[in-house]
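Undergrad: Pasting in a structure now, in structure tokens, and then I'll have a few things to ask.
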Amino acid sequence: MRYHEQPSNGFILVKYKMRILFKPFFLLTLFCFSGFCLATASSQSTYENMSKSDIGKVDLVVVNKSDASMSLMRKGKVLRRYKIAMGDRPTGHKLQEGDQRTPEGRYLLDYKKSDSAYYRAIHISYPNEEDRLRAEALGVNPGGQIMIHGQNPNSSLTPDEAQRLNWTDGCIALKNDEIDELWRAIDTGTPIEIWP
């Protein structure tokens, strides 16, 4: 058969029947695949929202100053990790008031402050007895009011830009949505370990 010749009527009839049978099958396949994709996307979105907003209560907060991170933990498992900002002089243990250092050691998150100048704040129980004795031996004031808090509302920087800098006076700064999550995840008295 040449290209310009018409096929026989039998061929046209078979081709027509194939189209009639194939179209519903194609539409059914497309519909099922679309439903699967939507269901998968929906369940993934639900999982992401759940994992971002509800980690439950944690039993330990660990700050690693050397990599500027905070980990929220329960039974030894890291549930969430945040990038943090600290004071202008993050290296070394806080020795005295005004040294712009973040303390190192084991403390408690002993109260929450909802009316903080930096969105929300959670107090760290610095200075402990060891810190007081050290400061006394050095003849200095150990300082205090070390907090984990949110962003500076008067800053011209975005939260992402601010978190790349050490801009506090020795406190630990998180993004506001992260301090919200931490706020829900801890109870008063939750321990915090701050590592060099």
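The values are calculated or read from the model by the stated rules, or taken from the named source; none is laboratory data. Computed from a prediction, not measured in an experiment: that's the story for all the values here. Every residue, glycine among them, receives a Cβ derived from its backbone with ideal geometry; neighbour counts consider all protein chains shown. Heads up: the accessible areas ignore ligands, DNA and RNA and are worked out on the full protein's heavy atoms, side chains in. Shrake-Rupley method; radii C 1.70, N 1.55, O 1.52, S 1.80 Å.
Undergrad: Beyond 23 Å between alpha-carbons counts as too far, so tell me which of Lys57/Lys112; Lys75/Lys113; Lys75/Lys175; Lys57/Lys94 fall in that bin.
TA: Beyond 23 Å between Cα atoms: Lys75/Lys113; Lys75/Lys175; Lys57/Lys94.
Undergrad: Rolling a 1.4 Å sphere over the protein heavy atoms, what is the accessible area per residue of segment 53-196, to the nearest Å²?
TA: With the other protein chains kept in place, segment 53-196 gives 51 Å² per residue.
Undergrad: Expressed as a whole percentage, what fraction of the accessible surface of segment 62-196 belongs to carbon and sulfur atoms when a 1.4 Å probe is rolled over the protein heavy atoms?
TA: Reported share for carbon and sulfur atoms: 48 percent.
Undergrad: Find, among the GluC sites (Glu not before Pro) in segment 65-130, those assigned to loop by DSSP (not H, G, I, E, B) with at most 12 other beta-carbon atoms within 10 angstrom.
TA: Passing both the DSSP loop test and the Cβ count: no residue.
Undergrad: Which whole-Hz couplings ³J(HN,Hα) result when phi for each residue of segment 70-79 is put into the Karplus expression 6.51 cos²θ - 1.76 cosθ + 1.60, θ = phi - 60°, listed in order with x for Gly and Pro?
TA: These are the phi-based 3J(HN,Hα) values: 10, 10, 9, 10, 9, 6, x, 9, 6, 9 Hz.
Undergrad: If the label point is 7 Å along Cα→Cβ of Asn128, which residues in segment 77-118 have backbone nitrogen under 13 Å from it?
TA: Flagged as within label range: 103-110.
Undergrad: Still on this structure: Modelled label-to-label distance, His93 and Ser116, 7 Å Cα→beta-carbon offset: nm?
TA: Modelled inter-label distance: 2.4 nm.
Undergrad: Using a Förster distance of 30 angstrom, determine the FRET efficiency expected from the C-beta separation of Ser156 and Arg184, and round it to 0.05.
TA: Here the calculated transfer efficiency is 0.55.
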